[in-house]
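Student: Below is a structure I'd like to ask you about.
The values are calculated or read from the model by the stated rules, or taken from the named source; none is laboratory data. Fair warning: this is a prediction, and the values are worked out from it, not measured in the lab. Cβ: placed from backbone, ideal geometry, glycine included. Neighbour counts: every protein chain shown. Note: areas computed on protein heavy atoms with side chains; ligands, DNA, RNA excluded. Shrake-Rupley method; radii C 1.70, N 1.55, O 1.52, S 1.80 Å.
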There are 4 protein chains.
Amino acid sequence: MSSTTEKSLLGIGLIGSGFMGRCHANAFGAVSGLFDLPAQPVKAMLADATDEIAQAGASALGFARATSDWQEMIADDAVDIVAITAPNILHEPMALAAIAAGKTVYCEKPLSTTAASALKMTEAAEVSGVVTSVGFNFLRNPMVALAREIIASGEIGEVTGFRGRHAENYMANPDAPHSFRTDPQGGGALADIGSHIISMARHLLGPIAEVSADCQTIYPTRPVAAGATERSPVVVDDMTHALVRFDSGVAGSIEANWAATGRTMDLSFEVTGSKGAISFSQENMNELLVYSGSGAGAGYKRIEAGPSHPPYDRFCPAPGHHLGFNDLKIIEVAELIDAHMSRGKCTPDFREAWAVQQTVEAMQTSSQEHCWITVGGAT
Amino acid sequence: MSSTTEKSLLGIGLIGSGFMGRCHANAFGAVSGLFDLPAQPVKAMLADATDEIAQAGASALGFARATSDWQEMIADDAVDIVAITAPNILHEPMALAAIAAGKTVYCEKPLSTTAASALKMTEAAEVSGVVTSVGFNFLRNPMVALAREIIASGEIGEVTGFRGRHAENYMANPDAPHSFRTDPQGGGALADIGSHIISMARHLLGPIAEVSADCQTIYPTRPVAAGATERSPVVVDDMTHALVRFDSGVAGSIEANWAATGRTMDLSFEVTGSKGAISFSQENMNELLVYSGSGAGAGYKRIEAGPSHPPYDRFCPAPGHHLGFNDLKIIEVAELIDAHMSRGKCTPDFREAWAVQQTVEAMQTSSQEHCWITVGGAT
Amino acid sequence: MSSTTEKSLLGIGLIGSGFMGRCHANAFGAVSGLFDLPAQPVKAMLADATDEIAQAGASALGFARATSDWQEMIADDAVDIVAITAPNILHEPMALAAIAAGKTVYCEKPLSTTAASALKMTEAAEVSGVVTSVGFNFLRNPMVALAREIIASGEIGEVTGFRGRHAENYMANPDAPHSFRTDPQGGGALADIGSHIISMARHLLGPIAEVSADCQTIYPTRPVAAGATERSPVVVDDMTHALVRFDSGVAGSIEANWAATGRTMDLSFEVTGSKGAISFSQENMNELLVYSGSGAGAGYKRIEAGPSHPPYDRFCPAPGHHLGFNDLKIIEVAELIDAHMSRGKCTPDFREAWAVQQTVEAMQTSSQEHCWITVGGAT
Amino acid sequence: MSSTTEKSLLGIGLIGSGFMGRCHANAFGAVSGLFDLPAQPVKAMLADATDEIAQAGASALGFARATSDWQEMIADDAVDIVAITAPNILHEPMALAAIAAGKTVYCEKPLSTTAASALKMTEAAEVSGVVTSVGFNFLRNPMVALAREIIASGEIGEVTGFRGRHAENYMANPDAPHSFRTDPQGGGALADIGSHIISMARHLLGPIAEVSADCQTIYPTRPVAAGATERSPVVVDDMTHALVRFDSGVAGSIEANWAATGRTMDLSFEVTGSKGAISFSQENMNELLVYSGSGAGAGYKRIEAGPSHPPYDRFCPAPGHHLGFNDLKIIEVAELIDAHMSRGKCTPDFREAWAVQQTVEAMQTSSQEHCWITVGGAT
């Protein structure tokens, strides 16, 4: 018997132990057993709002140390990668501190509360040359990678149209209370989940040039807190419908909707081409529908995720064994570790996340001004 | 043995023996065997472009007489109901002649080539008091009637959003040639099939007040005729995406697309409410998806068409025996005969069809002017 | 103007004006407008139990004459084709009379109440050389024709397995009363609807050689009539599960179930091959799922019915306009008229319907004797 | 800052580092971050065939120590729970050794190569009182728990029928080579994956009393190894169709098929009741279809997995974020740790796994003897 040989170790410092913090911790814990990585992540430190919360989180999530001082954590030599799952308003100072310390930064979406702030973070990272990654995890799905390949291959011909949506129902109840999600700083359905379908649209078809959007507040007031009888006005959108024109000239539509009763995760798109089409919904995240052929044999083919669609093969050698949401985070973390070791680029990085945010803001402006807006035009 | 006793007879005069003419003839032939009507239609006369075509059509479709002179037919005493399936440009003179002769008019969609023309027809019909019906057959589906009932009942709560589409692929091929469909007078995807989803939207949620639309020509030229090498410019839209605001304040989106590779009949809608939702696609025309409930038992229920959804029961006493497209025309004709006998109203009639056309034109104007347009605002 | 020229006329004599009678009448009325046939059917006479019922039916369904004497009708010179939709017990005498009169016979399924009776009818028809057809209408679906073509083409390789079912819910309620369907003479789920999936299985893969079946009565008593409080024993099956071996050696399973809560028309099959597979359910009767390919691009393709799948093109020149149940009867009647004129063969004819019934009886025997039974082995 | 406080630790000894070994390791690593458990698992030792394999596995999977001597590992004081993912033939000696050492045993399915061996293991475990668990992971799905609750609640009324299947395509290629799966000792589609649907059937509806089965070898020979040209006979089944009668009297069918081209994970069932029905397929593992209601509003409702369906809430606070296959193993391990600490019972334990195996063998006997067989009848 022998003790096991370790690869070079990579210290992870995680900020936040809520839902997303747990996702990150789980991903860092599982990734070595699934991927053949150049380094092994070690859960070095966890920072949270108080010592108690931080210690409880560290214990549950397997971190060696805990702290209520995120600045101390960022400065710690044991920390190589800083993972940020704190409230959006804190992303900028945390990321700037990590960048200043030369650490790789892995930040949850949205990158910040405004595009201007996101650009500041992007430029700081690029000047210092640190690796950055932003948690638009839905892009990590092997089925999305397959969609990109099919588009690039020309199998569906020239792209002629796009129809995208991110619809959920978590704010469909008029009595769902205010929270950070309804804060005018970075809140609203468009910023919260519209950013996912915008990042997907860009991932598949490139930049969006121009938008005409209609941001609507369905429920004008909400309880000030869970269970409260007092209500206060809602100033963010519950639902946005937008027309988009991509740089390529392709036209389409995008919807963001957190009051979409009946939809739990309809992050969906249909890409139409001159010879074929692709259709996907996160509600069936382990399949991609691909249309090809003509005449008697034409039809939409349901392709199920399997080992032919990397990195599915890292999770299972056989098809039909579904990946789940948490697995997308593991894929994200695997790419992060590879990029950290090779000083490479993550997709998406800070710059890409900034462009997403800029598109969100163009839509908001379009709705306010009731006209078409060029993305980035006002800059 | 005895000869059979006939009900009062109703003479049908059909103009046109193409695809839609055959649909009408089939419907008039079948309706008595399925519905218990106050009168029995008789296929009296068929008019078409030449005597030869008219005679061949009459023979195949079971009409007693044939003519190449539609004016003669409209004037004939044997004709009580004039069914128009001629080219769009002829709808106005034919309908005006029938109205002048006091005949009930059953006209295929679009009602005419412009909203102005449609309004003229509407006003003429209303002045003379004749019954009118327009062939937006998809509204006749028992599942659409069920959708309306569910919305009206409050089962899905307050309506909060709409998402509609009519997407087909019959012009997806860049080499599909010019035809009456690409004629700037009444042509384009929006006028041709967008009118179906607009009529559906109005049928479900009422008038549309304001639009922002993007009409796009995907293929700038097409062959001048089938098989021709010569190509000429296309000036109508292949695809339109539009933002809409209903009179009720509800917001949503509408897409019309005849270049939607992979879609054969995606006339679909999703109506979102504060307590539930409804989803439908003509691709599965015998089912309606209805979302209700909350917590562990919430979900989209797939309701299959059956005898509980009139007038399905007229076609079959058991569920699961699908209605087809041609059956929708039979339902349309049954309503027409009832309205003719009672001097009642069809849904949709000329006025409704005019309002649809007005909405189409508002979208076209919005796209040209690149801004929001109030429907009917220019009147 | 001229009167229309008629083709040679074909007199139809219909027995019965219930659900199936109406289907037949509708089909004979519509077929000329859709198909290019060598002769034109004329609704000559309708026979039913009483003069009143017959006259009412003839009037509603467009038959020229009515009678309560089916023998008189069969003998009438105006009748060329006898269509039988009477109770099963009358099929044999009616068909034998029509055969004796040299008339083409179109009989609803099941052909008779026993395989022995069906064989007698078959042999009489073959001796006299009349054309026969039996109403297993589900075989007429263009998607089923496509399935047969795909199997024959070798596209799915060697057939390796079969899984078939006909499940409905019309007897799922324990208080659904007795009727002719629960009569031990020809009744039960297996005889009533199991015959459909057996005919489908034979249509696709050929004769069934051997069976092991379990016929189960789920509800031991039912009301003696609708609304009655008195109940009497049920002696027929509500649900049958069977193992089958085809003559070809292929193994599989078949289920017949009329107490299948939740299923309205799950006449479904999956044919598995060494290179591909086919899946179909009548619940989505306008589509066929075909699996082919391997590796990253493999998947089930949803092929929608369209004009490339004859005779869909007879109903509509574009895909996506669904066929309905009544359209299957029109296709059946078109084949019947063609066969009548050419003295050809219908699929299925009496002999095929007898073989289906023989298979049903083998399953019943297998269940009673609790062992495998060779189909036709006792003959 | 403080170091984190640990709960009482639980030493895991894992045998095997293949696909299933990695699943186990991943589950033990992730479970503490997701579940609130009474103890924290520690990856203490990994045993595999050679020191090299064991060390590589331990390194990749995060085990503290590695060994090629599984007996040494079982005896080690650091090991509290022995997880067995070794070849089936070794399950018995390994489990018996672990039982003798008083360790909790977590064994992959099938429990052993014969029912007799499985019974021996079961009795040993029960005599010594150790906790046992067997890896029929599909039972851990929250949607399966929901199905059980719905059945138990009476929502679907009296259960009247069952239709189950486990179909995959991994041996559909005639050139897929021999492996341990085709070994007559415990091999074949029925034993390999049929055991999953049998365990599911028992989980939902209780013991199976009687079976009539048809085990068929589709491809009589296979290559002796991957890529080999030499072929040798196959003596196990590729596909089994079976009729089943449960102890409760309910009848149904079960299919096991590893040559099911087009199916990657069709572990599916339909439970029919007098008032409703349930339908599920592992191909859509995050949803359960539940039929209820009657008349115009009846239909199959698609219930998506969400936090209302424990322990989904452990993975995510919102619905729509799919669980994947690996998550089922995490749930399995959470139950195991709970049972270990409370000396409770896992579902399924060794006794249940033995009953599954007994049912498999009854089906094999039924096929050989071509007759119905009482399960456990020969004992």
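Student: Looking at (1) in contact with a helix residue (DSSP H, G or I) (Cβ under 9 Å, 6 or more places away or on another chain); (2) surrounded by fewer than 24 Cβ atoms within 10 Å (Cβ to Cβ), find the lone condition where D:VAL271 falls short.
Tutor: Against the list (1) in contact with a helix residue (DSSP H, G or I) (Cβ under 9 Å, 6 or more places away or on another chain); (2) surrounded by fewer than 24 Cβ atoms within 10 Å (Cβ to Cβ), D:VAL271 comes up short only on (2).
Student: Which one of these is of a type in the set (Asp, Glu) and closer than 30 Å to D:PRO220 by Cβ: C:GLU270, C:GLU304?
Tutor: C:GLU270
Student: Select from the range A:176-193 the residues that are modelled with pLDDT of 95 or more and in contact with an Asp or Glu (Cβ under 8 Å, 6 or more places away or on another chain) and list them in ascending order.
Tutor: A:GLY188, A:ALA189, A:LEU190, A:ILE193
Student: Looking for something out of contact with any strand residue (DSSP E or B) (no Cβ under 8 Å at 6 or more places or on another chain), more than 26 Å from B:HIS24 (Cβ to Cβ) and in the same structural domain as C:THR132 (by TED's automatic domain parsing) - is there at least one such residue anywhere in the range C:28-42?
Tutor: no
Student: Tell me yes or no: at least one residue of the range B:213-221 is surrounded by fewer than 17 Cβ atoms within 10 Å (Cβ to Cβ), closer than 25 Å to A:SER367 by Cα and modelled with pLDDT of 95 or more.
Tutor: no
Student: I've got another one for you. Restrict the check to the range B:268-280 and report whether at least one residue is at pLDDT 95 or above and part of a helix (DSSP H, G or I).
Tutor: no
Student: A follow-up question, please. Which of the following residues is over 30 Å from C:GLU369 (Cβ atoms), free of Cβ contacts under 8 Å to residues at least 12 places away in the same chain and more than 9 Å from every other protein chain (Cβ to nearest Cβ): D:ASP313, D:ASP338?
Tutor: Only one candidate qualifies: D:ASP313.
Student: Based on this model, can you work out whether A:ARG165 counts as within 14 Å of chain B (Cβ to nearest Cβ) and not in a loop (DSSP other than H, G, I, E, B)?
Tutor: Yes; evaluated as a whole, the condition is true for this residue.
Student: Report yes if some residue within the range C:290-303 is within 27 Å of B:GLY18 (Cβ to Cβ), over 19 Å from the mean Cα position of the chain (by Cα) and facing chain B (nearest Cβ under 10 Å); otherwise report no.
Tutor: No - not one qualifying residue is present in the range C:290-303.
Student: How many of the residues in the range A:106-158 are free of Cβ contacts under 8 Å to residues at least 40 places away in the same chain and assigned by TED's automatic domain parsing to the domain that holds A:ILE74?
Tutor: Residues meeting the conditions: 8.
Student: Could I ask something else about it? Any chance the range C:88-108 includes a residue that's open to solvent by 10 Å² or more (accessible area, probe 1.4 Å) and closer than 30 Å to D:PRO220 by Cβ?
Tutor: Checked the range C:88-108: no residue is open to solvent by 10 Å² or more (accessible area, probe 1.4 Å) and closer than 30 Å to D:PRO220 by Cβ.
Student: Test C:ALA318 against the criterion of being of a type outside the set (Lys, Arg), buried (at least 23 other Cβ atoms within 10 Å of the Cβ) and outside the structural domain of C:ARG22 (by TED's automatic domain parsing), and give yes or no.
Tutor: no
Student: Here is a follow-up. Give the residue, chosen from D:LEU288, D:LEU328, D:LEU336, D:LEU323, that is in a loop (DSSP other than H, G, I, E, B), within 27 Å of D:VAL31 (Cβ to Cβ) and among the hydrophobic types (A, V, I, L, M, F, W, C).
Tutor: D:LEU323
Student: Moving on. Got a number for residues in the range A:320-379 being of a type in the set (A, V, I, L, M) and within 16 Å of the chain's Cα centre (by Cα)?
Tutor: 10
Student: Filter the range B:326-340 down to residues that are open to solvent by less than 10 Å² (accessible area, probe 1.4 Å) and more than 17 Å from B:GLY33 (Cβ to Cβ), then give me how many there are.
Tutor: Final tally of qualifying residues: 1.
Student: Determine whether the range A:289-299 contains at least one residue that is modelled with pLDDT of 95 or more and out of contact with any strand residue (DSSP E or B) (no Cβ under 7 Å at 6 or more places or on another chain).
Tutor: no
Student: Right, next: Scan the range B:248-262 and give yes if some residue there is more than 14 Å from chain C (Cβ to nearest Cβ), without any contact (Cβ under 8 Å) to a residue 60 or more places away in the chain and surrounded by fewer than 23 Cβ atoms within 10 Å (Cβ to Cβ), otherwise no.
Tutor: Yes, the range B:248-262 contains at least one residue that is more than 14 Å from chain C (Cβ to nearest Cβ), without any contact (Cβ under 8 Å) to a residue 60 or more places away in the chain and surrounded by fewer than 23 Cβ atoms within 10 Å (Cβ to Cβ).
Student: Then there is this: What is the one condition in (1) closer than 23 Å to D:ASN137 by Cα; (2) out of contact with any helix residue (DSSP H, G or I) (no Cβ under 6 Å at 6 or more places or on another chain) that D:ILE330 does not satisfy?
Tutor: (2)
Student: For a quick check of your reading of the model, give me the residue pairs whose first member lies in the range B:42-61 and is under 25 Å from B:SER32 (Cα atoms), whose second is surrounded by fewer than 21 Cβ atoms within 10 Å (Cβ to Cβ) and among the hydrophobic types (A, V, I, L, M, F, W, C), with beta-carbon atoms closer than 6 Å and at least 6 apart or on different chains.
Tutor: Final answer for the pair search is B:VAL42/B:LEU9; B:ALA44/B:ALA64; B:ALA44/B:ALA78.
Student: Give the residue, chosen from B:ALA353, B:ALA362, that is buried (at least 23 other Cβ atoms within 10 Å of the Cβ), among the small types (Gly, Ala, Ser) and in contact with a Phe, Trp or Tyr (Cβ under 8 Å, 6 or more places away or on another chain).
Tutor: From the options B:ALA353, B:ALA362, the qualifying one is B:ALA353.
Student: On to the next question. For the range B:279-302, how many residues are within 17 Å of B:ARG140 (Cα to Cα) and surrounded by 23 or more Cβ atoms within 10 Å (Cβ to Cβ)?
Tutor: The number of residues fulfilling the criteria is 5.
Student: Considering the range C:222-247 alone, what residues qualify as being in a strand (DSSP E or B) and open to solvent by 10 Å² or more (accessible area, probe 1.4 Å)?
Tutor: C:ARG231, C:SER232, C:PRO233, C:ARG245, listed by residue number.
Student: If you don't mind, there's one more thing I want to ask. May I ask you to list the residues in the range B:169-212 that are in a loop (DSSP other than H, G, I, E, B), of a type outside the set (Gly, Ala, Ser) and either buried (at least 24 other Cβ atoms within 10 Å of the Cβ) or over 19 Å from the mean Cα position of the chain (by Cα) (or both)?
Tutor: Within the range B:169-212, B:ASN169, B:MET171, B:ASN173, B:PRO174, B:ASP175, B:PRO177, B:HIS178, B:ASP183, B:PRO184 meet the criteria.
Student: Among B:MET171, B:MET200, which is the only one that is out of contact with any helix residue (DSSP H, G or I) (no Cβ under 6 Å at 6 or more places or on another chain), touching a residue at least 24 places away in the same chain (Cβ under 8 Å) and within 22 Å of A:GLU255 (Cβ to Cβ)?
Tutor: Criteria check complete, one pass: B:MET200.
Student: Determine which single condition D:SER133 fails, assuming it passes every other condition in (1) open to solvent by less than 10 Å² (accessible area, probe 1.4 Å); (2) modelled with pLDDT under 95.
Tutor: Tallying (1) open to solvent by less than 10 Å² (accessible area, probe 1.4 Å); (2) modelled with pLDDT under 95, D:SER133 fails exactly one: (2).
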